[in-house]
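Written out below as structure tokens is the structure these notes cover.
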Amino acid sequence: MNEKTKSLRSPLGAAKGRGSAQSGFEHWYIERISALILLPTTAYVLIGFLDNVAKGGYSGAIYWLQSPLAAAFAILFLFAGLRHLVCGLQVVMEDYIHLTTARLPLLFAVKFGAVLLAILGVLSIAKIYFAV
Amino acid sequence: MSSPDAPKPRPRSPHLQIYKPQLSSVLSITHRASGVGLTLGAVVFVVWLVALAGGQDSYNTFLSYAHTIIGQIILFGLSCALIYHYCCGIRHLLWDAGYCLDIKDVYKTGYIMLAIVPCLIAFVWLKAYGVIP
């Protein structure tokens, strides 16, 4: 190191804050926890769908989603699924889209879309459940 | 060919185009692709809920799209992606928990999954069409 670029900062000071953003574990953890929640809820929703909707059509679907257990599992399936989706799409985008100015708006759009779908889904399930 | 005096060529990183596909890599990229595809699945699920909440008429409109050939192809693709991602995801969770990590188990669980997935897809669609009560 020549004299011109020599800094007064200590090596420790220069190195601090240069590591990870310290939030990677949470992302990893949420992706797994949502996956664990999705194991029973996906199976429940898929089997319930086949038993009620594929057989009973519109009235079968309404009857199914008016049971508390089905409505609860459908909401849980929706929330865990969308949270898992945001985690997964974020990883994929971070791997393949290197241009930050493209990646950040896209990531925002994905998160916005997921929140919108969650609200729409819950309102619809609530409307069916309370039969309004 | 390089002469004995020339430096040995450096090993090059494998490019996807010339890299022999292996079960582990193919299943991994398919897991990712099916996950991305299931984004459409989430949209379709919510559209279905909204149509259902809108009453009989809006539900019939949804069905008129779902029952077209393109609609059935999309639904079939989504069901394949869902069942594949579900089964492959169980393997990923097993790995995260520290199980089945050596190559032998990776291949074994991979082949088990490849046997189960088509059966589940067939079961779902036979049930959906009422072939299985």
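The values are calculated or read from the model by the stated rules, or taken from the named source; none is laboratory data. Values in this document were obtained by computation on a predicted structure and should not be read as measured data. Cβ placement follows ideal geometry from the backbone for every residue including glycine, while neighbour counts extend to all protein chains displayed.
Observations, loosely collected:
- Any hit, segment A:71-88, residues being free of Cβ contacts under 8 Å to residues at least 12 places away in the same chain and touching a Lys or Arg at 6+ places or on another chain (Cβ under 9 Å): no
- Among the residues of segment A:44-73, the ones that are over 20 Å from B:GLN56 (Cβ atoms) and at the interface with chain B (Cβ under 8 Å from one of its Cβ atoms) come to 2 in all.
- Positions within segment A:123-132 being part of a helix (DSSP H, G or I) and more than 9 Å from chain B (Cβ to nearest Cβ), in sequence order: A:TYR129
- Top-ranked residue of segment B:92-133 - restricted to ones that are more than 23 Å from A:ALA54 (Cα to Cα) and touching a Cys at 6+ places or on another chain (Cβ under 7 Å), ranked as surrounded by the fewest Cβ atoms within 10 Å (Cβ to Cβ): B:LEU94
- A:LEU39 meets the conditions (1) at pLDDT 95 or above; (2) over 21 Å from B:GLY35 (Cα atoms); (3) exposed (fewer than 15 other Cβ atoms within 10 Å of the Cβ); (4) within 12 Å of another protein chain (Cβ to nearest Cβ) in every case but one. The failed one is (2).
- Some residue of segment A:24-34 being under 26 Å from B:CYS80 (Cβ atoms), of a type outside the set (Val, Ile, Thr), more than 10 Å from chain B (Cβ to nearest Cβ) and under 16 Å from the mean Cα position of the chain (by Cα): yes
- Taking the criterion of being within 15 Å of A:GLU31 (Cβ to Cβ) and surrounded by fewer than 19 Cβ atoms within 10 Å (Cβ to Cβ), the residues of segment A:88-101 that qualify are A:GLN90, A:VAL91, A:VAL92, A:MET93, A:GLU94, A:ASP95.
- Filter pass, A:ILE62 being in contact (Cβ under 8 Å) with a residue 40 or more places away in the chain, under 18 Å from the mean Cα position of the chain (by Cα) and surrounded by 15 or more Cβ atoms within 10 Å (Cβ to Cβ): no
- Consider segment A:84-101 and keep the residues that are within 13 Å of chain B (Cβ to nearest Cβ) and of a type in the set (A, V, I, L, M). The one that is farthest from B:VAL43 (Cα to Cα) is A:ILE97.
- The single condition among (1) more than 8 Å from chain B (Cβ to nearest Cβ); (2) buried (at least 19 other Cβ atoms within 10 Å of the Cβ) that A:LEU104 does not meet is (2).
- Filter pass, B:LYS127 being in contact with a Pro (Cβ under 9 Å, 6 or more places away or on another chain) and part of a helix (DSSP H, G or I): yes
- The set of residues in segment B:66-123 being under 16 Å from B:SER24 (Cβ atoms) and among the small types (Gly, Ala, Ser) consists of B:GLY89, B:GLY110.
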